[in-house]
Structure formats: structure tokens, C-alpha cells
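Nothing in this text is a laboratory measurement; each read-out follows from the coordinates by a stated rule. In this text, all values refer to a predicted model and were calculated from it rather than measured experimentally. Virtual Cβ from ideal backbone geometry, glycine too; neighbours counted across all protein chains shown.
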Amino acid sequence: MVGWEAIAGMFGKNAGTEDLEAFYPVRPECKADIPKTRFRPRAGKTLSARRWHAAFSEDGHLDIAKVLRRIQRGGIHPSIKGLVWEFLLGCFDPNSSFEDRNQLRQQRRERYGMWKTECQNMVPVIGSGKFITTPIITDDGQPIEDGGWHVTSAVADKKVAQWMLSLHQIGLDVVRTDRALTFYENETNQAKLWDVLAIYSWVDDDIGYVQGMNDICSPMVILLENEADAFWCFERAMRKLRENFRCSTNSIGVQSQLSTLSQVIRTVDPKLHQHLEDLDGGEYLFAFRMLMVLFRREFSFIDALYLWEIGSR
Amino acid sequence: MSYAYLFKYIIIGDTGVGKSCLLLQFTDKRFQPVHDLTIGVEFGARMITIDNKPIKLQIWDTAGQESFRSITRSYYRGAAGALLVYDITRRETFNHLASWLEDARQHANANMTIMLIGNKCDLAHRRAVTTEEGEQFAKDHGLIFMEASAKTAQNVEEAFIKTAATIYKKIQDGVFDVSNESYGIKVGYGGIPGPSGGRDGSSSQGGGCCN
């Protein structure tokens, strides 16, 4: 008897899907909750590992124009996404050599290590492979005793207190980030995401931690095995996005993008604009999440990555 | 589907207290142990019946993080009811109620009905806020109060419906000018028309994408 799989295989229908599922496995019980993936690697269009490696000269200069043309036609094959993303996000200059990049990578890993130690000295749970979801200090800086991991004396410094108050918030969000992916069933992986976000919000205290940054950071943590490398990819992405996350009592940065969107729609489709104006007063808040986390929730994990790739540069 | 009234609700409270889970339980009758965190504002709707009249609840579910307060505020105006949620296992979410209430009082219309919900009451062994404390807070601030569980569905239906019944009673008592949409109430067929007389008539019943 011929199995269904064999028949499907003959028509080649599911070949692409199986390939992708192996890279970013989804928890079986969550399959119904997430959007269907439409991206398929296509031979001759998608940037493959072979094409990628062929785009480097002997000492490591990258023909970025050629690579970008291909990415725009068919995205990046999952097997090399992490490597390519470091260039797309601008972590490395395509005109640098292998040698230059190794050095830079080393320096960056050390710098991240220093920040991590600094944070660890204040809150020892950082870097332990565990993370917290309950507050470690009260709103006015008094320590909350409960695990032994935590703070022992009152925190007077405003920057430190602000940061400490965001740590359990980050934890509460980490357990809810891309929960459909098998990757985050593992507590060590959750802790990796927590560490990167915690350390980022310490370093960029002007912005701190705002919900939605977890959705931006998660792909980096999955694609880049090394935590420091993931951090630097996230840091690069945030250079472009951090203004969206700037919060004041009256507004959130992303709203300036919403008003740009509103202007665009008003110009290209005045009737649609009028309709939207009638519905929500023209604030375009329906698009808030789309622009804040760059369509991560509208598309499946893989499709969102594809969208980011073709939208880069 | 046609309604006699449409009530707009807003759900507020600290991050992770279960606002989205309460909404999901109410609209879809299911529970997700881990729910995606809400960015900005999300939306749900369901029909209920009060006094034999079909009433549509249009519910805005907000993000809990302090940073998003400016967005949440733009939804208070135009809400007839608010569900203010805390988590009975996390003391700090109860401690923050006063600040939520202050926001609501400042930005909502004065007649907004507020239901205080102590969520996760299925986790009795981890309780950090007693039922009496919840009751007392509600009493001190003129709120309706219930403990509920989005997980077991206990009191979820009741919380949404009791809020609606209170709003309905206020309409009967003539508290609202229902023709004024800023109260978060729309009149459909069979409701008491406002002075301008059933103003949205067929347009609110029709097949528009947002009805």
C-alpha cells in the first residue's frame, strides 16, 4: 500500500513545509493558533548556503549587492539566516575581511560580557539560566525578600530602581513570547531572551524595556546561537526602531509612524481614509501593533522573518 | 445580528493579570494557559441577552504596561463599562488599583460602570489578596466586585453580564442621553431611542465590516 506521505511526496506539495518546520518546530498543540506559513524556499530565487558562501572573496569581502538582489527575490534559506542577518542589520561592513570581523566579534562579545557582569552584580539571577516573573523591589525601591537571588538593601539610585522594576515585567513577557515555538519550551532559551532584554534595557536606559521589544528580540535569540551575537543583532535592529518605543505620558513614539501612515492613505485612497477616520477618529490605532512589532503577529514566524528580509536596506 | 443596544467596554489592569484570557473565555469559551501579550489594544465582541433584549458587547482589551497608558486613555472616553482586573496571587497588581482607578476617573465619563475583578481565583493556594480586601476596595470606591477565573470560567460570564445589567438599569433610569455616543452606548432596534430617534438605524445593523 502506498502511504499518503509518499503520494504527497510525489507531487512535491509538502516538501517546502517539512523543510521549514524542521528549522523552527511548532508545538503540536499550538498549530491551530498561529497563521499559516506561506513562505517557501524556491530554487534559483531564495538565497541558498551555496550562493551565500560564493558571494565572498578570498579574504572575506562580501558582494552585498548580489546577495541583496537574491534576498529580494526569494528571501534567505533558514540554514543561513543568522549569518546573513548580521550583515543585513549592519553588524558588519560587507567590505571588511574575515579577519576584521573576527576581531570585531571578539570585542563585542567581551563588551557584552562586561555589561552582563555589571548586571549580574546587581541581580545575580542574570546569566544563571533562570529568570524572574515577580518583582524584586517595591515601587519605592524597598527589597522584596523571597528567593535569595535578589536585592538585599534599599535601592536609592533612580536608574537602578527603574531597571530592577522592569525585570519581572520582562519575565512575564518572555513566558508569553512565541509560545507556539518548541524553542521556548526550554527554560534556558527563555532565560537567554530574558538576559538579552534585561541587559539591553540596562544599557539603553533612555528607552528601557517596553512591551513589544520581546517580539523584535525573539528572532535574534533563535537565529543566533551565541547570546552576545544575538544581543548585537538586537541592538542594531533597535537603532532603527527604538524611537517607536519611546514613551511619554502623552504618547508613544510609534504614533508618529501612524500619522505618516494616515497621510499616505489619505493621499492614495481618500475614501478609505475617511472610513477609518469615522471608525477610530483617524488615529490609526488599529495599525499600532503592526508597526510596533513589524507584523510579527499578523504573519507566522517564518513569514515575518521573510518580510523583514525583503524590507531590509 | 441586530441588537437593541450596543455597549462598549474597556478592560484594564496590570500586565499579566489575565485581561486577554478573560476576554477569550467570554467570547470564545476557551482558555489559553499562555496568551500572547497584548500590544496596544485588541478587540472582541459578543451578544448577550438582558431583559429579553439582545445586547451587543464591544470590548476593548488593553496592554497592561505603564508605558501604554497614553494609548489606553484614548479608549476610556466612549466606554460604558470598564472591567478593572487584578491577579489575586500577585499583591502588586492589587496595590496598583488606585492608580488605574484614578486614570479611569480622569478620562472616562462620570457614569461609566466599573466592575472590579480579582482574577485567577482557581489558584487559591497562591492567594496573596483576600476576598475581603477586594470587597472592601470595591466598596470604598463604589465599584461592583467579583472574583473570577478565566481558567475555570467561574464568574466570567457573570462579570460581563452583571456589568451590562447595571448599564441597562442606568439607561432605564434615564442616567444617559443614549443618543450621545460618547457614553459608549448605541441604540439599535427595540432600544429606547434617544432624542434624535434611533439614529443609527439600519447602518448599525448592516453588513459593515465592523458591526
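For segment B:1-124, what does the alpha-carbon gyration tensor say about shape, rounded, prolate or oblate, given a ≥ b ≥ c as the root eigenvalues, a/c under 1.5 as rounded, and a/b over b/c as prolate? Oblate is the answer for segment B:1-124, as a/c is 1.5 or above yet b/c matches or exceeds a/b. Here's how it looks for B:Phe145: its modeled amide H is under 5 Å from those of B:Leu116, which are all 5 or more places away or on a different chain. Shielding value for B:32-38 is 6, the average number of Cβ atoms from other chains within 10 Å of each residue's Cβ.
Rounded to the nearest 5, the antiparallel percentage of DSSP beta bridges internal to segment B:1-104 is 50%.
When restricted to Cα atoms, the protein assembly as shown yields an Rg and a Dmax of 25.5, 83 Å, respectively. Principal axis analysis of the Cα atoms in segment A:118-242 yields extents of 38, 30, 22 Å, listed in decreasing size. Report, ordered by chain and residue number, the aspartates and glutamates lying within cross-link reach of B:Lys151, taken as a straight Cα distance under 15 Å and ignoring same-chain residues fewer than 8 apart. By straight Cα distance, B:Lys151 reaches B:Asp28, B:Asp87, B:Asp122. How large is log10 I(q)/I(0) at q = 0.16 Å⁻¹ when the Debye formula is applied to the Cα atoms of segment A:182-221, each weighted equally and without solvent? Taken in order of the listed q values, log10 I(q)/I(0) reads -0.38. For the residue pairs A:Lys45/A:Lys130; A:Lys31/A:Lys81; A:Lys116/B:Lys120, the C-alpha atoms sit more than 32 angstrom apart in A:Lys45/A:Lys130; A:Lys116/B:Lys120. The packing ranking, built from the mean of other Cβ atoms within 10 Å per residue, places the peptides B:44-54, A:38-48 in the order A:38-48, B:44-54, highest first. Working from Cα pairs under 8 Å separated by at least six residues, relative contact order for segment A:246-312 is 24 percent. Between B:Glu135, B:Glu147, B:Glu102, the GNM of chain B built on Cα springs shorter than 10 angstrom shows B:Glu102 fluctuating the most. Dividing the helix sum by the residues of chain A, where each DSSP H run of 4 or more adds -39500 (n - 2.57), gives a mean residue ellipticity at 222 nm of -16500 deg cm²/dmol.
Relative to the compact-globule estimate of 2.2 N^0.38 Å, the Cα radius of gyration of chain A comes out at 1.12. Label segment A:246-312 by shape, choosing from rounded, prolate and oblate, from the square roots a ≥ b ≥ c of the eigenvalues of the Cα gyration tensor; if a/c is under 1.5 it is rounded, and otherwise prolate applies when a/b is larger than b/c, oblate when it is not. Note, shape of segment A:246-312 comes out oblate. Taking Cα atoms only, the orientation of helix B:131-141 departs from the longest principal axis of chain B by about 50 degrees. Among beta bridges from DSSP that stay inside the protein assembly as shown, the antiparallel ones total about 45%.
Counting only Cβ charges, +1 for Lys and Arg and -1 for Asp and Glu, the dipole size of chain A around its Cα centre is about 1280 debye. Rounded to the nearest 500, the helix-only mean residue ellipticity at 222 nm of chain B stands at -9000 deg cm²/dmol, with each DSSP H run of n ≥ 4 adding -39,500 (n - 2.57).
Rounded to the nearest 10 degrees, the angle from helix A:213-223 to the longest Cα principal axis of chain A is 60 degrees.
Over 21 Å between C-alpha atoms is what I'm after, so list which of B:Lys56/B:Lys169; B:Lys29/B:Lys169; B:Lys8/B:Lys170; B:Lys8/B:Lys162 land there.
From B:Lys56/B:Lys169; B:Lys29/B:Lys169; B:Lys8/B:Lys170; B:Lys8/B:Lys162, over 21 Å: B:Lys29/B:Lys169.
How far, in degrees from 0 to 90, does helix A:254-268 lean away from the longest principal axis of the Cα atoms of chain A, to the nearest 10? Compared with the principal axis, the helix lies near 40 degrees. Taking Cα centre as origin and charging only the Cβ of basic (Lys, Arg, +1) and acidic (Asp, Glu, -1) residues, the dipole magnitude of the protein assembly as shown rounds to 1500 debye. For A:Lys192, the aspartates and glutamates whose Cα falls under 12 Å of its own Cα, not counting residues fewer than eight places away in the same chain, are A:Glu225, A:Glu227, A:Asp229. Leaving out same-chain residues fewer than 8 places away, which lysines sit with a Cα under 18 Å from that of A:Lys36? Partners within reach: A:Lys13. For chain B, modelled as a GNM whose springs connect Cα atoms under 10 angstrom apart, the maximal fluctuation among B:Tyr189, B:Tyr75, B:Tyr86 occurs at B:Tyr189.
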